[in-house]
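This report concerns only the one structure given below.
The values are calculated or read from the model by the stated rules, or taken from the named source; none is laboratory data. Note that this is a predicted model, so its numbers are computed, not measured. All Cβ positions, even for glycine, are placed from backbone atoms using ideal geometry, and neighbour counts span all protein chains on display.
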Amino acid sequence: MKIFRRFSFFGKLAVLSVAFFLLVAIFAPFLEPNDPMDTNPDRRLLSPEGFPLGCDQLGQCVFSRLIHGTRLSLAIGFFARLSALIVGLIVGMAAGYFGGWLDWLLMRIVDIFLAFPSLLLAIVVSMALGNGIITVILAIAIVGWAETARIIRGAAMELRDEEFIMASKSMGAGNLRIILTHVLPNCLPLIVVILAMGMATAILSEASLSFLGLGVDPSLPTWGGMVSTGREYLWRKPTLSIFPGMCIAMVVIAFNIIGDELRDLLDPGRKGQWG
(Lines give C-alpha, C1' and ligand atoms only; values in the text may rest on other atoms or scores of the structure.)
Protein backbone atom coordinates (compact mmCIF):
# COMPACT_ATOMS: atom_id res chain seq x y z
CA MET A 1 0.00 0.00 0.00
CA LYS A 2 2.89 2.34 0.71
CA ILE A 3 4.23 1.85 -2.81
CA PHE A 4 0.71 2.23 -4.28
CA ARG A 5 0.36 5.65 -2.66
CA ARG A 6 3.56 6.71 -4.38
CA PHE A 7 2.14 5.84 -7.79
CA SER A 8 1.16 8.63 -10.14
CA PHE A 9 -2.45 9.10 -11.19
CA PHE A 10 -1.95 6.96 -14.29
CA GLY A 11 -0.13 4.35 -12.23
CA LYS A 12 -3.03 4.05 -9.82
CA LEU A 13 -5.45 3.90 -12.74
CA ALA A 14 -3.38 1.08 -14.26
CA VAL A 15 -3.43 -0.88 -10.98
CA LEU A 16 -7.21 -0.48 -10.73
CA SER A 17 -7.59 -1.60 -14.35
CA VAL A 18 -5.55 -4.75 -13.75
CA ALA A 19 -7.48 -5.42 -10.53
CA PHE A 20 -10.74 -5.08 -12.46
CA PHE A 21 -9.67 -7.61 -15.09
CA LEU A 22 -8.42 -9.98 -12.39
CA LEU A 23 -11.78 -9.84 -10.64
CA VAL A 24 -13.54 -10.49 -13.93
CA ALA A 25 -11.28 -13.49 -14.53
CA ILE A 26 -11.86 -14.90 -11.04
CA PHE A 27 -15.63 -14.49 -11.08
CA ALA A 28 -16.10 -15.18 -14.80
CA PRO A 29 -18.58 -18.08 -14.31
CA PHE A 30 -20.85 -15.81 -12.26
CA LEU A 31 -20.63 -12.84 -14.65
CA GLU A 32 -21.34 -14.68 -17.90
CA PRO A 33 -24.99 -14.17 -18.88
CA ASN A 34 -24.85 -17.15 -21.25
CA ASP A 35 -22.76 -20.24 -21.91
CA PRO A 36 -19.74 -18.99 -23.92
CA MET A 37 -19.57 -22.31 -25.80
CA ASP A 38 -23.27 -22.51 -26.70
CA THR A 39 -23.80 -22.17 -30.46
CA ASN A 40 -26.97 -21.45 -32.39
CA PRO A 41 -26.91 -20.66 -36.13
CA ASP A 42 -30.25 -18.87 -35.79
CA ARG A 43 -28.52 -16.15 -33.72
CA ARG A 44 -25.65 -15.68 -36.18
CA LEU A 45 -24.40 -12.05 -36.10
CA LEU A 46 -27.62 -10.92 -34.43
CA SER A 47 -28.30 -9.11 -31.15
CA PRO A 48 -31.21 -10.90 -29.52
CA GLU A 49 -32.48 -10.06 -26.06
CA GLY A 50 -30.23 -11.35 -23.30
CA PHE A 51 -27.04 -11.00 -25.37
CA PRO A 52 -25.52 -7.59 -24.39
CA LEU A 53 -22.95 -7.46 -27.21
CA GLY A 54 -24.80 -9.65 -29.65
CA CYS A 55 -23.66 -12.95 -31.15
CA ASP A 56 -20.74 -13.94 -33.33
CA GLN A 57 -20.62 -15.90 -36.58
CA LEU A 58 -21.50 -19.13 -34.72
CA GLY A 59 -24.33 -17.62 -32.70
CA GLN A 60 -22.26 -17.56 -29.51
CA CYS A 61 -22.63 -14.82 -26.91
CA VAL A 62 -19.86 -12.29 -27.52
CA PHE A 63 -20.09 -10.80 -24.03
CA SER A 64 -19.81 -14.21 -22.33
CA ARG A 65 -16.85 -15.19 -24.52
CA LEU A 66 -15.17 -11.86 -23.79
CA ILE A 67 -15.49 -12.47 -20.04
CA HIS A 68 -14.31 -16.07 -20.30
CA GLY A 69 -11.47 -14.94 -22.55
CA THR A 70 -10.27 -12.69 -19.74
CA ARG A 71 -9.62 -15.75 -17.59
CA LEU A 72 -7.83 -17.68 -20.33
CA SER A 73 -5.71 -14.81 -21.64
CA LEU A 74 -4.56 -13.65 -18.19
CA ALA A 75 -3.89 -17.21 -17.00
CA ILE A 76 -1.84 -18.07 -20.09
CA GLY A 77 0.08 -14.80 -19.85
CA PHE A 78 0.81 -15.26 -16.13
CA PHE A 79 1.99 -18.87 -16.27
CA ALA A 80 4.00 -18.25 -19.43
CA ARG A 81 5.74 -15.26 -17.86
CA LEU A 82 6.26 -17.07 -14.56
CA SER A 83 7.88 -20.01 -16.35
CA ALA A 84 10.17 -17.69 -18.31
CA LEU A 85 11.04 -15.82 -15.11
CA ILE A 86 11.97 -19.00 -13.23
CA VAL A 87 14.24 -20.28 -16.00
CA GLY A 88 15.78 -16.86 -16.59
CA LEU A 89 16.30 -16.37 -12.86
CA ILE A 90 18.14 -19.68 -12.46
CA VAL A 91 20.33 -19.16 -15.54
CA GLY A 92 21.06 -15.49 -14.85
CA MET A 93 21.79 -16.06 -11.17
CA ALA A 94 24.19 -18.92 -11.92
CA ALA A 95 25.99 -16.98 -14.67
CA GLY A 96 26.28 -13.75 -12.72
CA TYR A 97 27.26 -15.20 -9.36
CA PHE A 98 29.73 -17.92 -10.41
CA GLY A 99 31.12 -16.23 -13.54
CA GLY A 100 33.99 -17.88 -15.41
CA TRP A 101 33.38 -20.59 -17.96
CA LEU A 102 29.83 -21.16 -16.72
CA ASP A 103 28.98 -17.52 -17.35
CA TRP A 104 30.50 -17.70 -20.84
CA LEU A 105 28.62 -20.88 -21.74
CA LEU A 106 25.24 -19.75 -20.44
CA MET A 107 25.50 -16.34 -22.08
CA ARG A 108 26.32 -17.90 -25.45
CA ILE A 109 23.12 -19.94 -25.15
CA VAL A 110 21.27 -16.75 -24.27
CA ASP A 111 22.77 -15.04 -27.32
CA ILE A 112 21.48 -17.83 -29.55
CA PHE A 113 17.91 -17.37 -28.30
CA LEU A 114 18.12 -13.58 -28.51
CA ALA A 115 19.37 -13.80 -32.10
CA PHE A 116 15.93 -14.94 -33.27
CA PRO A 117 12.96 -12.54 -33.51
CA SER A 118 10.73 -13.36 -30.55
CA LEU A 119 7.49 -13.77 -32.49
CA LEU A 120 9.17 -15.90 -35.15
CA LEU A 121 10.64 -18.20 -32.52
CA ALA A 122 7.25 -18.50 -30.80
CA ILE A 123 5.64 -19.38 -34.14
CA VAL A 124 8.25 -22.08 -34.80
CA VAL A 125 7.72 -23.64 -31.37
CA SER A 126 3.93 -23.54 -31.74
CA MET A 127 4.08 -25.13 -35.18
CA ALA A 128 6.39 -27.85 -33.90
CA LEU A 129 4.31 -28.73 -30.84
CA GLY A 130 0.82 -28.05 -32.20
CA ASN A 131 -2.08 -26.06 -30.78
CA GLY A 132 -2.92 -26.07 -27.11
CA ILE A 133 -2.72 -24.06 -23.91
CA ILE A 134 0.45 -25.82 -22.72
CA THR A 135 2.06 -25.26 -26.12
CA VAL A 136 1.37 -21.52 -25.99
CA ILE A 137 2.77 -21.26 -22.46
CA LEU A 138 5.92 -23.14 -23.49
CA ALA A 139 6.33 -21.06 -26.64
CA ILE A 140 6.10 -17.75 -24.78
CA ALA A 141 8.35 -19.01 -21.97
CA ILE A 142 11.03 -20.17 -24.42
CA VAL A 143 10.94 -16.76 -26.08
CA GLY A 144 11.10 -14.73 -22.86
CA TRP A 145 13.58 -16.46 -20.56
CA ALA A 146 16.78 -15.32 -22.32
CA GLU A 147 16.21 -11.60 -21.86
CA THR A 148 15.32 -12.17 -18.20
CA ALA A 149 18.51 -14.19 -17.71
CA ARG A 150 20.67 -11.38 -19.09
CA ILE A 151 19.08 -8.79 -16.78
CA ILE A 152 19.37 -10.99 -13.68
CA ARG A 153 22.98 -11.82 -14.57
CA GLY A 154 23.92 -8.14 -14.49
CA ALA A 155 22.33 -7.68 -11.07
CA ALA A 156 24.02 -10.80 -9.66
CA MET A 157 27.41 -9.69 -10.96
CA GLU A 158 27.09 -6.40 -9.08
CA LEU A 159 26.00 -8.10 -5.86
CA ARG A 160 28.63 -10.85 -5.73
CA ASP A 161 31.41 -8.34 -4.95
CA GLU A 162 29.52 -6.55 -2.20
CA GLU A 163 31.03 -6.54 1.29
CA PHE A 164 28.15 -8.43 2.92
CA ILE A 165 28.61 -11.26 0.38
CA MET A 166 32.34 -11.42 1.16
CA ALA A 167 31.56 -11.43 4.87
CA SER A 168 29.16 -14.35 4.44
CA LYS A 169 31.79 -16.30 2.53
CA SER A 170 34.39 -15.64 5.20
CA MET A 171 31.99 -17.02 7.81
CA GLY A 172 31.70 -20.27 5.87
CA ALA A 173 28.34 -19.79 4.18
CA GLY A 174 27.86 -21.94 1.08
CA ASN A 175 27.12 -20.54 -2.37
CA LEU A 176 23.53 -21.79 -2.41
CA ARG A 177 22.82 -20.24 0.98
CA ILE A 178 24.36 -16.93 -0.09
CA ILE A 179 22.30 -16.89 -3.29
CA LEU A 180 19.03 -17.67 -1.49
CA THR A 181 19.52 -15.43 1.54
CA HIS A 182 21.44 -12.48 0.09
CA VAL A 183 21.54 -12.29 -3.70
CA LEU A 184 17.97 -13.33 -4.45
CA PRO A 185 16.28 -11.02 -1.87
CA ASN A 186 18.26 -8.06 -3.22
CA CYS A 187 17.05 -8.90 -6.72
CA LEU A 188 13.38 -9.06 -5.72
CA PRO A 189 12.56 -5.46 -6.75
CA LEU A 190 14.04 -6.16 -10.17
CA ILE A 191 12.15 -9.45 -10.40
CA VAL A 192 8.85 -7.71 -9.62
CA VAL A 193 9.46 -5.19 -12.39
CA ILE A 194 10.38 -7.94 -14.87
CA LEU A 195 7.24 -9.89 -14.01
CA ALA A 196 4.96 -6.85 -14.34
CA MET A 197 6.35 -5.66 -17.66
CA GLY A 198 6.70 -9.22 -18.93
CA MET A 199 3.00 -9.85 -18.39
CA ALA A 200 2.21 -7.29 -21.07
CA THR A 201 4.55 -9.00 -23.53
CA ALA A 202 3.20 -12.46 -22.70
CA ILE A 203 -0.45 -11.44 -23.16
CA LEU A 204 0.40 -9.74 -26.44
CA SER A 205 2.34 -12.81 -27.61
CA GLU A 206 -0.60 -15.08 -26.79
CA ALA A 207 -2.92 -12.78 -28.71
CA SER A 208 -0.53 -12.77 -31.66
CA LEU A 209 -0.28 -16.57 -31.76
CA SER A 210 -4.05 -16.96 -31.46
CA PHE A 211 -4.56 -14.37 -34.19
CA LEU A 212 -2.30 -16.42 -36.48
CA GLY A 213 -4.18 -19.61 -35.63
CA LEU A 214 -1.26 -21.07 -33.66
CA GLY A 215 -2.60 -20.51 -30.17
CA VAL A 216 -5.13 -22.49 -28.16
CA ASP A 217 -8.02 -24.45 -29.61
CA PRO A 218 -10.00 -21.97 -31.77
CA SER A 219 -13.21 -23.07 -30.07
CA LEU A 220 -11.92 -21.73 -26.73
CA PRO A 221 -12.55 -18.02 -26.20
CA THR A 222 -9.32 -16.03 -25.99
CA TRP A 223 -8.99 -12.38 -26.88
CA GLY A 224 -6.53 -13.04 -29.70
CA GLY A 225 -8.70 -15.79 -31.12
CA MET A 226 -11.78 -13.55 -31.02
CA VAL A 227 -9.91 -10.83 -32.91
CA SER A 228 -8.80 -13.40 -35.48
CA THR A 229 -12.26 -14.85 -36.13
CA GLY A 230 -13.90 -11.43 -36.10
CA ARG A 231 -11.65 -9.95 -38.81
CA GLU A 232 -13.67 -11.78 -41.47
CA TYR A 233 -16.72 -9.77 -40.46
CA LEU A 234 -15.13 -6.36 -39.93
CA TRP A 235 -17.50 -4.57 -42.30
CA ARG A 236 -20.62 -6.38 -41.19
CA LYS A 237 -20.00 -6.55 -37.41
CA PRO A 238 -16.72 -4.80 -36.47
CA THR A 239 -17.39 -5.14 -32.73
CA LEU A 240 -16.41 -8.82 -32.93
CA SER A 241 -12.78 -7.70 -33.21
CA ILE A 242 -12.97 -4.26 -31.63
CA PHE A 243 -14.04 -5.34 -28.14
CA PRO A 244 -11.39 -8.05 -27.58
CA GLY A 245 -8.81 -5.79 -29.23
CA MET A 246 -9.65 -3.04 -26.74
CA CYS A 247 -9.28 -5.49 -23.85
CA ILE A 248 -5.83 -6.54 -25.09
CA ALA A 249 -4.75 -2.92 -25.49
CA MET A 250 -6.01 -1.90 -22.03
CA VAL A 251 -4.30 -4.78 -20.22
CA VAL A 252 -1.01 -4.40 -22.09
CA ILE A 253 -0.89 -0.64 -21.48
CA ALA A 254 -1.81 -1.10 -17.81
CA PHE A 255 0.94 -3.65 -17.15
CA ASN A 256 3.49 -1.49 -18.96
CA ILE A 257 2.56 1.52 -16.84
CA ILE A 258 2.75 -0.54 -13.64
CA GLY A 259 6.15 -1.84 -14.68
CA ASP A 260 7.41 1.69 -15.32
CA GLU A 261 6.09 2.92 -11.98
CA LEU A 262 7.64 0.02 -10.08
CA ARG A 263 10.95 0.47 -11.85
CA ASP A 264 11.10 4.10 -10.71
CA LEU A 265 9.94 3.45 -7.15
CA LEU A 266 12.07 0.36 -6.51
CA ASP A 267 15.24 1.90 -7.90
CA PRO A 268 17.85 1.75 -5.11
CA GLY A 269 18.80 5.39 -5.69
CA ARG A 270 15.29 6.48 -4.73
CA LYS A 271 14.74 4.35 -1.64
CA GLY A 272 15.64 7.25 0.60
CA GLN A 273 12.72 9.22 -0.76
CA TRP A 274 10.10 6.81 0.53
CA GLY A 275 10.08 8.33 3.97
Query raised in the report: Just for region 226-263: of the residues that are more than 21 Å from E206 (Cα to Cα), in contact with a helix residue (DSSP H, G or I) (Cβ under 7 Å, 6 or more places away or on another chain) and in a helix (DSSP H, G or I), which one is modelled with the lowest pLDDT?
Result: R263
Report summary line: Of the residues in region 205-225 that are surrounded by fewer than 21 Cβ atoms within 10 Å (Cβ to Cβ) and either among the hydroxyl-bearing types (S, T, Y) or at pLDDT 85 or above (or both), the one that is farthest from the chain's Cα centre (by Cα) is S219
Query - Condition met for G54 (at positive phi and modelled with pLDDT under 90) - result: yes
Query raised in the report: In region 51-72, is there at least one residue being surrounded by fewer than 19 Cβ atoms within 10 Å (Cβ to Cβ), within 30 Å of I179 (Cα to Cα) and among the small types (G, A, S)?
Result: no
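Table: residues versus (1) polar (S, T, N, Q); (2) part of a helix (DSSP H, G or I); (3) closer than 30 Å to L195 by Cα.
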site: F10; (1), (2), (3): no, yes, yes
site: L46; (1), (2), (3): no, no, no
site: P52; (1), (2), (3): no, no, no
site: T70; (1), (2), (3): yes, yes, yes
Query raised in the report: Using beta carbons and a limit of 6 Å, which pairs, at least six apart or on different chains, have the first residue in region 231-254 and closer than 22 Å to L16 by Cα and the second one outside any helix (DSSP H, G or I)?
Result: none
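Looking at S73, S170 in this structure, which one is in contact (Cβ under 8 Å) with a residue 60 or more places away in the chain and of a type in the set (S, T, Y)? Full working, then the answer.
Values: S170 fails: in contact (Cβ under 8 Å) with a residue 60 or more places away in the chain.
Selected residue: S73, the only one of S73, S170 that is in contact (Cβ under 8 Å) with a residue 60 or more places away in the chain and of a type in the set (S, T, Y).
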**Report entry** Qualifying helices (runs of 4 or more DSSP H) (wholly inside region 83-173; at least 3 residues being surrounded by 17 or more Cβ atoms within 10 Å (Cβ to Cβ))
**Finding:** 100-114, 118-129, 133-159
Report task. Considering (1) part of a helix (DSSP H, G or I); (2) surrounded by fewer than 15 Cβ atoms within 10 Å (Cβ to Cβ), say which one M37 fails and leave the rest. Result -> (1)
Query raised in the report: Under the condition of being of a type in the set (F, W, Y) and at pLDDT 90 or above, which residue from region 1-29 is surrounded by the fewest Cβ atoms within 10 Å (Cβ to Cβ)?
Result: F27
